[in-house]
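Every number here is computed from the coordinates shown, using simple stated rules; none is lab data. A quick note: this is a predicted structure, and the numbers were derived from the prediction, not measured. Cβ atoms come from the backbone with ideal geometry, glycine included; neighbour counts cover every protein chain shown.
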Amino acid sequence: MGYLLVKNGSITDENGSRRADILIEDSRIAAVESSIAPDSLSGKTRVLDATGLIVLPGLIDAHTHFHLVSRGTVTADGFGSGSRVAAYGGVTTVVDFADHNKGMNLVDSAQYRMQEMKGGMAIDYSLHQGVYGHGYNPDIPSQLEKLKEMGIRTLKIFTTYRDTGYLLDDPEKLSELFRHAGRLGMLVTAHCEYNPMIEEISANWTGTFLPRDHADLRPAEAEARAIEFYGTCAMKEDCPLYVVHVSSEAGLNAIRKLRKQGAVIYAETTPTYLFLDRSKLEGPDGSLYVMTPALRTKQDNLALQDAVMNGEFQVVATDHCTFTKEQKLANPDVRRTYPGVPGTEEMFLLLNTLREKNPGRLEMKDLVSLMCVNPARLFGLYPQKGSFQEGTDADLVLFDPNVKRVLDDSNVHTNAMYTPYRGFEVSGEIRMTVLRGKVILENGNYSGREGEGLFIRQS
């Protein structure tokens, strides 16, 4: 029997911070007490001195795309490298996506993705299952029940991308999906860009299709319209809606309006929309910053930051979807540019820096809520993930708040080989990442092993 004893750290959860020790026995948290003496333990014990460090539950990135096959290529970060990037960011669990594959039903699509991930993931993972327009059929309700039995109770729909078959916009089908999801206690998540508006803009567009045009081709108003439409559909069926990667003040205002009307809307945003603006799309490397939704204005950044600090967002995740510089810069036509950027490694450091710059408005316990507790609860992983409860998975992070560094392409670990936050000074450093009692990152050295990540059922 082996023990790992974390001593003298500032243990921080959603309720606040306290000085305490954590005892880990094998893969589980055995005790959290004010003081635990190493000589009181009967087995082999490794003691980690966390003096001066903040001890957090393992972070959860609730929105990743590892090894995503798209447009004839595959993302730079696969399951192994995605796990590595996550560990450097203090992330011990991701909620990735299973596409609704053509020619497969939802259950087969989920099983296919789970089998893909099984041999490559070095951290734990769960799944959102896509429900796409091309494969929607009368058997969907029974498929949802089977998905829930498999441990998948979150769904993903798209409000755009007609050309790929992702778009689900038929009111009757949407009503049916929301009705049965609500009945089963499943959560529908939505990528919100109003397709009729985007198609109309594209049809009447007489300008160029360069990166700088991206935000005008896919404007904030399209996000707001989609949130209003899909949120209203969900509300009519008494089903909550989770809006992924909210990018704009207009989208945020649409969520506020729906909430006032009684809708249950959970909101997620990402560091890209908190800290990057559309000026990044200018210049020769603008393609590196192409993502959907598009980057917005600095005013949008500030509005979303304010909403994070006001508690209007439940989750901060990343939409980590990476392509190399060569892939991103291969075609300057934004209709052909691979959309997506890295982010899992930088997520916590960026949010902690926002916290430091806004004392009294954002506390460390709030970061734990946004990136540990809330995603775990919303996606059925709590308390196994996102907590320090005895008997739960011993996932934790030792964080040094006293380090400052400047993010650069040379000091991140993604296979994309760049960071969109180049030049950002960030506060803090992940000193150690522990997954189910095993140290997988220590003082900059990664030791995670592909195939050791486990699928975590959503309950």
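Could you give the C-alpha radius of gyration of segment 154-298 expressed as a fraction of 2.2 N^0.38 Å, taking N as the number of residues it contains? Don't jump to the answer; show the numbers that get you there.
Details: Rg = 15.6 Å, N = 145, 2.2 N^0.38 = 14.6 Å.
Rg over 2.2 N^0.38 Å, computed on Cα atoms: 1.07.
Using alpha-carbon positions, what is the distance between the centroids of segment 57-82 and segment 119-189, in Å?
Cα centres, segment 57-82 to segment 119-189: 19 Å.
Rounded to whole Hz and in sequence order, give me ³J(HN,Hα) for segment 9-15 from the Karplus expression 6.51 cos²θ - 1.76 cosθ + 1.60, θ = phi - 60°, writing x for Gly and Pro.
Calculated HN-Hα couplings, in order: x, 8, 6, 10, 10, 5, 8 Hz.
What does the highest-first list of 208-217, 32-41 look like by mean Cβ count within 10 Å?
Details: 208-217: 18.1, 32-41: 11.9.
Packing order, densest peptide first, comes out as 208-217, 32-41.
Kindly flag which residue pairs out of K146/K260; K146/K173; K280/K357; K325/K365; K280/K404; K173/K280 have an alpha-carbon separation exceeding 28 Å in this structure.
Numbers: K146/K260 34 Å; K146/K173 19 Å; K280/K357 23 Å; K325/K365 36 Å; K280/K404 24 Å; K173/K280 38 Å.
Exceeds cut-off: K146/K260; K325/K365; K173/K280.
Considering amide H positions built from the backbone, and no H for Pro or chain starts, which residues 5 or more places from V47, or on another chain, come under 5 Å of its amide H?
Distant-sequence amide H within range of V47: L5.
With a 10 Å Cβ neighbour count serving as the proxy for reagent exposure, in which order, fewest first, do D61, D366, D393 appear?
D366, D393, D61
Placing one identical point scatterer on every Cα of segment 370-459 and ignoring solvent, what is log10 I(q)/I(0) from the Debye formula at q = 0.17, 0.21, 0.25, 0.26 Å⁻¹?
-0.95, -1.19, -1.24, -1.25
Positive end of the charge dipole of segment 356-459 (Lys, Arg +1 and Asp, Glu -1 on Cβ, about the Cα centre): tell me which of L435, L362, P383 has its Cα farthest that way.
Selected residue: P383.
Straight-line reach from K328: which aspartates and glutamates have Cα under 12 Å away, leaving out those fewer than 8 places along the same chain?
Candidates past the 8-residue exclusion: D285.
Quick query: amide H of V403 versus all other amide H atoms, modeled in the peptide plane; which residues come in under 5 Å with a sequence gap of 5 or more or a different chain?
G428, E429
Taking the Cβ-Cβ separation of R422 and N310 as r and a Förster radius of 35 Å, what is the calculated FRET efficiency to the nearest 0.05?
Working: r = 29 Å, r/R0 = 0.83.
Between R422 and N310 the formula returns 0.75.
Go through segment 407-459 and name the trypsin sites (Lys or Arg not before Pro) that are in a DSSP coil and have 13 or fewer other Cβ atoms within 10 Å of their Cβ.
Answer in residue order: R449.
Go through segment 126-135 residue by residue and turn each phi into a ³J(HN,Hα) via Karplus (6.51, -1.76, 1.60, θ = phi - 60°); whole Hz please, and just put x for glycine and proline.
Using θ = phi - 60°, the values come out as 9, 9, 9, 9, x, 10, 10, x, 5, x Hz.
Calculate the translational D of the chain in whole µm² s⁻¹ from Stokes-Einstein, where the hydrodynamic radius comes from the Kirkwood formula applied to all Cα pairs, the temperature is 25 °C and the viscosity 0.890 mPa s. Don't skip to the end; give the middle numbers.
Working: Rh = 22.3 Å.
Estimated diffusion coefficient is 110 µm²/s.
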